[in-house]
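No lab work stands behind these numbers, since they all come straight from the coordinates. Treat the numbers as computed from the prediction; the structure is a model and nothing was measured. Cβ atoms come from the backbone with ideal geometry, glycine included; neighbour counts cover every protein chain shown.
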Amino acid sequence: MTTAFITHRDCMLHDMGAHHPECPDRLSAINDRLIASGLDMYLAFHDAPLASVEQLSRAHPREYVDAIFQSAPKTGIVHLDPDTAMSPGTLQAALRAAGSGILATDLVMAGQAESAFCSVRPPGHHAERAKSMGFCFFNNVAVAVHHALAVHGLERISIIDFDVHHGNGTENIFANDMRVQMVGSFQHPFYPYCGADNPAPNMVNVPLKAGTRGDGFREAVTNIWLPALREFKPQMIFISAGFDAHYEDDMGSLGFLESDYAWVTTQLKQVAADTAGKRIVSILEGGYTLSSLARSVAAHIKVLADL
């Protein structure tokens with residue numbers, strides 16, 4: 001069965017200004033790498049739909065969704081915080097990014113794909129219920145998970161987040177929702193400076209010290225992540241796939257390699273095979289050095305697609 005690759009040209013329209021690390025070239029680099037490696041021949045490509053207000057409002061209050069719509073500029077750039085800005089193309093891109101996870105969920109649940117990767121921007125895992133931050137407007141993975149709960153009737157879902165930054169927004173949305181388990185690792189202390197103290201019981205947060213390499217990450221996954229996942233027995237796995245913990249990415253100070261991303265994807269595929277009917281949806285988060293981002297995404301997708 002194929003792996004779905006979901007993206008949309010509208011995701012290139014979001015522009016937070018010259019020299020901003022969360023740039024349209026991120027998606028171009030991924031596309032170019034897939035073509036150069038021949039992986040594109042083995043994937044089923046889909047255009048991301050626009051998420052509806054109703055779909056967004058499962059993860060965010062309607063007032064917040066309306067506020068994002070109202071903040072969208074017709075010209076120029078509007079800053080919602082020092083790191084997070086909207087251009088005329090941002091709203092359309094954000095709606096496509098959130099919609100990608102919904103389509104991915106539907107495809108996987110219908111058996112039309114075993115797994116899916118959403119190559120979209122802006123990212124989402126810093127967006128809290130009613131707060132945009134950290135380059136994020138809508139929480140893409142949270143919107144998709146709420147869709148899986150509400151529309152497909154799932155009762156146990158695990159979210160895995162291996163971005164260099166803690167997915168504070170996802171934690172904020174799902175803390176104490178015992179239908180959803182969040183398992184993540186992140187550099188700490190580091191932006192957004194939370195996640196290490198008193199997490200909710202459904203949160204499995206693993207802070208990593210600056211300088212941690214792949215062996216330290218693999219140890220955390222083996223000793224903490226995998227036992228927690230197997231105990232929870234998720235019916236579907238969602239991945240907030242950030243690749244900025246790579247050794248070459250100067251956004252953070254961890255030292256992962258493509259082989260580490262391939263290895264952790266293999267471990268998650270095994271859990272999905274054992275408890276979740278092989279169902280995995282992965283959504284792009286961070287990763288800002290273009291070469292390492294593209295290589296890491298390709299390694300991740302290659303494992304997802306059993307290539």
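A few comments on the model shown:
- If both residues of a DSSP beta bridge must be in the chain, then about 10% of such bridges are antiparallel.
- Spherically averaged projected area in nm², based on the convex hull that wraps the Cα atoms of segment 204-256: 3.9
- For the residues H188, H19, H46, a GNM of the chain with alpha-carbon springs under 10 Å puts the largest fluctuation on H19.
- Within the shell defined by Cβ-Cβ distances under 15 Å, the residues around E114 carry a net charge of +1, with Lys and Arg each +1 and Asp and Glu each -1.
- Dimensions of segment 3-304 from C-alpha coordinates, computed as largest minus smallest value along each principal axis and given longest first, are 50, 43, 39 Å.
- Mean-square fluctuations from a GNM of the chain, with a 10 angstrom spring cutoff on Cα atoms, peak among F45, F186, F174 at F45.
- Contact order for the chain, expressed relative to its length and based on alpha carbon pairs under 8 Å spaced 6+ residues apart, stands at 20 percent.
- Label positions at Q270 and K74, each projected 7 Å from the Cα along the C-beta direction, are separated by 5.7 nm.
- Net charge over other residues, Cβ less than 11 angstrom from the Cβ of L304 (K, R count +1; D, E count -1): +1
- The chain - mean residue ellipticity at 222 nm from DSSP helices (-39,500 (n - 2.57) per run, n ≥ 4, rounded to 500): -11500 deg cm²/dmol
- Under 9 Å, Cβ to Cβ, from A241 - net charge with Lys/Arg +1 and Asp/Glu -1: -3
- Candidates T275, T84, T75: whichever shows maximal mean-square fluctuation once the chain is modelled as a Gaussian network with Cα springs under 10 Å: T75
- Relative contact order (%) - criterion: Cα under 8 Å, at least six apart; region: segment 118-219: 22
- Share of pairwise Cα separations in segment 45-135, more than 17 Å, in percent: 51
- When +1 charges are put on Lys and Arg Cβ atoms and -1 charges on Asp and Glu Cβ atoms, the dipole computed for the chain relative to its Cα centre reaches about 500 debye.
- Residue separation of Q112 and A200 scaled by 0.36 nm, minus their Cα-Cα distance, works out to 28.2 nm of gained length.
- FRET E, pair E54, D215, Förster distance 35 Å, beta-carbon r, rounded to 0.05: 0.20
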